[in-house]
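Taking it in order: structure first as structure tokens, then the write-up.
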């Protein structure tokens, strides 16, 4: 249980960093400059990842050879979900959403390789 909690907290902190970097580097992705918005968005993104990603992965087994593209797509869907729920977290265009999905996927992959 302790290890699961640690993994969740580390993943949540990685998502805070990833969403901050997406807002910093990608035009069209922003938050209201209130750190609480970023923290809540990362928390909801992490929970959505934890709850929905396994289901989406199972449904997409026939497309397993497109794993990298699929992970980016899943992250884009989850970011759009967070955008709909968290006031103050904004994604201005589909291009910004795709770029943010790619950046978040890369950052999460790098940190999961290291940790």
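Here, each number is a calculation from the coordinates, and none is a lab measurement. Everything numeric here is computed off the predicted structure, so don't read it as measured data.
The table below gives the values:
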read-out	value
Projected area averaged over orientations for the chain, convex hull of C-alpha atoms, nm²	7.3 nm²
Average Cα contact separation per residue, segment 41-115, under 8 Å, 6 or more apart, as relative contact order %	34 percent
